[in-house]
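One structure is given here, and the rest of the page talks about it.
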Amino acid sequence: MHIQQLQLKNYRNYESLDITFDHTINVIIGENAQGKTNLMEAIYLLAFTKSHRTPREKELVKWEEEYAKIEGRVSKRNQSFPLEIVISAKGKKAKLNRIEQKRLSDYIGAFNVVMFAPEDLTLVKGAPQIRRRFMDMELGQIQPRYIYHLGQYQKILKQRNHVLKQLQRQSNQDRTILHVLTDQLIEHAATLLERRFVFLNLLRKWAQPIHYGISRNLETLDITYSPTIEVSEEAKKGKIADIYSRKFIDIEEKEIDRGTTLIGPHRDDLLFYVNDKDVQIYGSQGQQRTTALSVKLAEIELIYNEVGEYPVLLLDDVLSELDDYRQSHLLQTIHGKVQTFVSTTSVDGIQHETLNQATIFRVKDGKVET
């Protein structure tokens, strides 16, 4: 899988751009604030319909323009097809093969991307929502239907929290609506949790040997899921739903007292252990970075085994954050099999045969030269 061509119109600091990429390694060089990360973001957005940097879509539209358009041509399974995203004050439109897709689950998964940026180094030591977002984005790529259940869950969760706040203020209100929303929430929560367990097992399978290799056979990695209910990773949807039902009954008074939903996938977490020690708490910075790198490389293999083709890899200003050994391991792993985009202020000091074969793009003030 690779992206052949990218066209931008009124996107960030790009007034207009039409660029063709090499199907192996593409290096995007530029000083800060010139547009190299915007280019990477546009490729990411073409896959996920959203930015990895901001939830405010109006920021993606060039100043004083009414809309932004991102178009790309992707090659997958020996077929070439166009993708298009248009962002305006009226909302966002996503087209696959020139046909507008009404649901994200019908669009996401057509083009697979793995992003590795400096903020991904906080995957291990950052807040739980970073790890939940990681799971949601990657699961959505290999199981687009997951996006539907996630959207429904978030919608019902918002309604349920509103009802809980109303009950918090007036304790004698009827709780019928709360119970209806709870049943609806459980249906989607159980689906999300079951699929996250499956994803975790796949991620663990690929990440463990990668981590062992990067650590020079000195460290073993384990990844565990930390849910807000007592449930095993082998549990199926029906069992998970039963446990949620009982737990919601037990904590109903506490939830009303606090005015918010206290359990569910929106409060779960991933835990990383190296040699049986929690990396977030006890791991060195080197161990934390090795863990994050192992997980990202595992993503690539996981998607390949689930989809049948390697995803496109975006390395956004991340090589300079890795030492020579980790740089070398990363570049050696992807060499010859993954279309890769590397953004950097300079390639000085990055010595690897992979980059010697790259196509170079130089970015300055929203313009790209080869």
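Working only within the stretch 83-125, note down all residues that are assigned to a loop (DSSP other than H, G, I, E, B) and at positive phi. Of everything in the stretch 83-125, those that are assigned to a loop (DSSP other than H, G, I, E, B) and at positive phi turn out to be N97, R98, G109.
Of all the residues in the stretch 26-50, those that are open to solvent by 10 Å² or more (accessible area, probe 1.4 Å) and either without any contact (Cβ under 8 Å) to a residue 24 or more places away in the chain or hydrophobic (A, V, I, L, M, F, W, C) (or both) number 3. When Q166, Q141, Q173 are screened for being modelled with pLDDT under 95 and outside any helix (DSSP H, G or I), only Q173 passes. Within the stretch 328-340, is there a residue that is more than 26 Å from the chain's Cα centre (by Cα) and part of a helix (DSSP H, G or I)? The answer is no, given that none of the residues of the stretch 328-340 is more than 26 Å from the chain's Cα centre (by Cα) and part of a helix (DSSP H, G or I). When the stretch 211-224 is filtered for residues that are open to solvent by less than 20 Å² (accessible area, probe 1.4 Å), hydroxyl-bearing (S, T, Y) and touching a Leu at 6+ places or on another chain (Cβ under 6 Å), nothing remains. Of the conditions (1) touching a residue at least 12 places away in the same chain (Cβ under 8 Å); (2) more than 20 Å from the chain's Cα centre (by Cα), V114 satisfies every one except a single condition; which number is it? Every listed condition holds for V114 apart from (2). One residue stands out among those in the stretch 200-218 that are over 24 Å from the mean Cα position of the chain (by Cα) and of a type in the set (S, T, N, Q): the one that is nearest to L322 (Cα to Cα), which is S215. A89 meets each of the listed conditions (1) open to solvent by 20 Å² or more (accessible area, probe 1.4 Å); (2) hydrophobic (A, V, I, L, M, F, W, C); (3) within 23 Å of Y146 (Cα to Cα) apart from (3).
Are there any helices (runs of 4 or more DSSP H) wholly within the stretch 230-292 with 3 or more residues that are surrounded by 15 or more Cβ atoms within 10 Å (Cβ to Cβ), and if so which? Don't jump to the end; show me each part of the working.
On the way: elements: 237-250, 252-258, 279-282.
Qualifying helices (runs of 4 or more DSSP H): 237-250, 252-258.
Listed residues E301, E309; which is assigned to a helix (DSSP H, G or I), open to solvent by 10 Å² or more (accessible area, probe 1.4 Å) and touching a residue at least 40 places away in the same chain (Cβ under 8 Å)?
Details: E309 fails: assigned to a helix (DSSP H, G or I).
The conditions single out E301.
The values are calculated or read from the model by the stated rules, or taken from the named source; none is laboratory data. Since the structure is predicted, the reported quantities are computational estimates derived from the model, not experimental observations. Here Cβ is always computed from backbone atoms with ideal geometry, including for glycine, and neighbour counts include all displayed protein chains. We work out accessible area using only protein heavy atoms, side chains counted, and drop any ligands, DNA or RNA first. Shrake-Rupley method; radii C 1.70, N 1.55, O 1.52, S 1.80 Å.
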